[in-house]
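Structure first, then comments.
The values are calculated or read from the model by the stated rules, or taken from the named source; none is laboratory data. Because the structure is a prediction, the values reported are computed rather than measured. Cβ coordinates were reconstructed from backbone atoms using ideal geometry, including for glycine residues, and neighbour counts include every protein chain displayed.
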Amino acid sequence: MKNLLLIFTLLFSTVFFSSPSYAEWTKVGENINATFYVDFERSRKHSGFVYYWKLIDVFKPNSSGDLSIKAYDQVDCKMFRYKYLSGMTFSKPMGAENAIRVDNRPGKDWRYPPPNSANEALLKSVCSR
């Protein structure tokens, strides 16, 4: 009986108190440089646009030592274009620990994803929901 209670307690604590940092990210694409994720639980539709968080987990750190990037984008699904709103970079994979840099300056221009690119896969996944 004690073993059963111990197993139940461990299972309960693992499920309910585990780190949620990986739980909300859904992999939507990959290329030779990175893996791309979307947080569908936090995506929102408003006034004909979709707003969502993406996470880019790079395989090799860039010159600044970044291993992951989280960005908040606005998507116009009718025109199939996107605009950067804000983001942050991290020295750990999957946006772990504190951000190294934060950029809250929204982009002014709409961007159109190239065919067969990771950004095209991101937009398709966000717009299809």
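Here is a yes/no grid of residues against (1) modelled with pLDDT of 95 or more; (2) assigned to a loop (DSSP other than H, G, I, E, B):
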position: F16; (1), (2): no, no
position: I32; (1), (2): no, yes
position: L55; (1), (2): yes, no
position: G107; (1), (2): no, yes
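Which one is farthest from the chain's Cα centre (by Cα), of the residues in region 41-71 that are small (G, A, S) and closer than 17 Å to S125 by Cα?
Residues of region 41-71 that are small (G, A, S), as a first pass: 43, 47-48, 63-65, 68, 71.
From the residues that got through so far, the ones that are closer than 17 Å to S125 by Cα too are 43, 48, 71.
Numbers: S43: 10, G48: 21, A71: 7 Å.
Result: G48.
Filter region 44-92 down to the residues that are over 23 Å from P114 (Cβ atoms) and of a type in the set (D, E, K, R) and list them by number. If the condition is that a residue be over 23 Å from P114 (Cβ atoms) and of a type in the set (D, E, K, R), then R44, K45, K92 are the ones that fit. Does at least one position in region 69-89 carry a residue that is without any contact (Cβ under 8 Å) to a residue 60 or more places away in the chain, under 20 Å from K45 (Cβ atoms), β-branched (V, I, T) and surrounded by 15 or more Cβ atoms within 10 Å (Cβ to Cβ)? So far as region 69-89 goes, yes, one or more of its residues are without any contact (Cβ under 8 Å) to a residue 60 or more places away in the chain, under 20 Å from K45 (Cβ atoms), β-branched (V, I, T) and surrounded by 15 or more Cβ atoms within 10 Å (Cβ to Cβ). Checking region 41-51 against the condition returns no match, with no residue being at negative phi and part of a loop (DSSP other than H, G, I, E, B). Within region 94-123, the residues that satisfy the criterion of being closer than 15 Å to Y37 by Cα, in contact (Cβ under 8 Å) with a residue 24 or more places away in the chain and surrounded by 15 or more Cβ atoms within 10 Å (Cβ to Cβ) are M94, G95, A118, N119, A121, L122, L123.
For region 57-75, the tally of residues that are modelled with pLDDT of 95 or more and acidic (D, E) stands at 2. When F59 is tested against (1) touching a residue at least 24 places away in the same chain (Cβ under 8 Å); (2) under 19 Å from K45 (Cα atoms); (3) aromatic (F, W, Y), only condition (2) is not met.
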